[in-house]
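A.B. asks: Got a structure for you, questions after.
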Amino acid sequence: MVIDDILAHNQQFVQQKTLPIIGHAPRKRMAVVTCMDCRLVTMFEQALGLERGDVLELRTAGATISQPEREGAASDLIRSLAGGIYLLGVREVAVIGHTQCGLARANPTAMTASMQALGVDPDKLMRAEGMGDTQDLVNWLGAFNDVHVNVREVVNVIRNSPFLPKIPVHGLVIDIETGKLEMVDRG
């Protein structure tokens, strides 16, 4: 199992390295919202020039807030940003989506087939959540068609959340192949 490899590596890591003690408040007073895509691991921080302790990094599928959670702006992402702002001194937010995101143009048929193959009944989930069809299920997941539009929409949800103060919120897109950033909305 992969977890055994991770545990073995970790044992060697802690024997060979002594990490410096740093505070939990981000030095740059920024929160960065990005995607959970495995291709961003390490590359993302390098492309942005970020070091351990610089920013709060919040990762969600698609760097997004699903459609059902946008209306009340009370999602886990908003809650996490509130904690960063009120408890850790965050004073700026960057929402950074990426090209070739797996949530862009998600296929409802493929998704429900995968759910069924893994023992989850999509119809039961849709009924429990009051969903009308598989497109509602894809929306629940947070799928979108255009990463630029999605980033702008998430930026606006954060800016307009009654739970958050008025601080700069920026929207960017990073190219998954080159690491180049594109400004979509300057806060």
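Bear in mind that the values in this text are calculations on the coordinates, not laboratory data. These numbers were taken from a predicted model, which means no experiment stands behind them. Glycine gets a Cβ as well: all are built from the backbone with ideal geometry, and neighbour counts include every protein chain shown.
A.B. asks: Would you please put 88-97, 109-118, 169-178 in order of how densely packed they are, using the mean number of other Cβ atoms within 10 angstrom per residue and starting with the highest?
C.D. replies: Per-residue mean Cβ counts within 10 Å order the peptides as 88-97, 169-178, 109-118.
A.B. asks: How much length would be gained if the chain were fully extended between residue 52 and residue 21, taking 0.36 nm per residue of separation minus their Cα-Cα distance, in nm to one decimal? Numbers along the way, then the final one.
C.D. replies: On the way: separation 31, 0.36 × 31 = 11.16 nm, distance 1.09 nm.
Gain in length upon complete extension: 10.1 nm.
A.B. asks: While we're on this one: For a label point 7 Å from the Cα of residue 124 along Cα→C-beta, name the residues of the stretch 96-117 whose backbone N is under 18 Å from it.
C.D. replies: From the stretch 96-117, the list is 112-117.
A.B. asks: Compute the distance in nm between two label points, each set 7 Å from the Cα along the Cα-to-Cβ direction, one at residue 9 and one at residue 86.
C.D. replies: 3.7 nm
A.B. asks: Taking every DSSP beta bridge that has both residues in the chain, what percent is antiparallel when rounded to the nearest 5? Write out the running numbers ahead of the final one.
C.D. replies: Details: 4 of 22 bridges.
For the chain, the DSSP antiparallel bridge percentage is about 20.
A.B. asks: Assuming R0 = 22 Å, can you tell me the calculated FRET efficiency for the pair residue 177 and residue 59, based on Cβ-Cβ distance, to the nearest 0.05?
C.D. replies: Using R0 = 22 Å, I get an efficiency of 0.70.
A.B. asks: Sticking with this one: Treating only the Cβ atoms of Lys and Arg (+1) and Asp and Glu (-1) as charged, compute the dipole magnitude of the chain about its Cα centre; round to the nearest 20 debye. Spell out each step's value before the answer.
C.D. replies: Details: 18 positive and 22 negative charges, 153 e Å.
With Lys and Arg at +1 and Asp and Glu at -1, about 740 debye.
A.B. asks: State, to one decimal in nm, how far the label point of residue 28 lies from the label point of residue 104, with both points 7 Å from Cα in the Cβ direction.
C.D. replies: Between residue 28 and residue 104, the label points sit 2.3 nm apart.
A.B. asks: Tell me which trypsin sites (Lys or Arg not before Pro) from the stretch 93-167 have a DSSP coil assignment and no more than 10 other beta carbons within 10 Å of their own.
C.D. replies: On the way: sites: 105, 124, 127, 152, 159, 166; in loops: 105, 166.
Here the trypsin sites (Lys or Arg not before Pro) that fit, given the DSSP loop and packing criteria, are 166.
A.B. asks: Using the per-residue mean of other Cβ atoms lying within 10 Å as a proxy for protection, in what order, highest first, do the peptides 23-35, 45-57, 6-18 fall?
C.D. replies: By packing density, highest mean first, the sequence is 23-35, 45-57, 6-18.
A.B. asks: Pick out, in residue order, every one of the chymotrypsin sites (Phe, Trp or Tyr not before Pro) in the stretch 79-187 that is DSSP loop and has at most 15 other C-beta atoms within 10 Å; say none if there are none.
C.D. replies: Answer in residue order: 163.
A.B. asks: Please tell me the relative contact order of the stretch 76-156 in percent, rounded to the nearest whole number, where contacts are Cα pairs under 8 Å and at least six residues apart.
C.D. replies: 38 percent
A.B. asks: Let me ask something additional. Just from its helices, what would the mean residue ellipticity at 222 nm be for the chain, if runs of 4 or more DSSP H residues each count -39500 (n - 2.57) and the sum is divided by every residue, rounded to the nearest 500 deg cm²/dmol?
C.D. replies: For the chain, the value works out to -12000 deg cm²/dmol.
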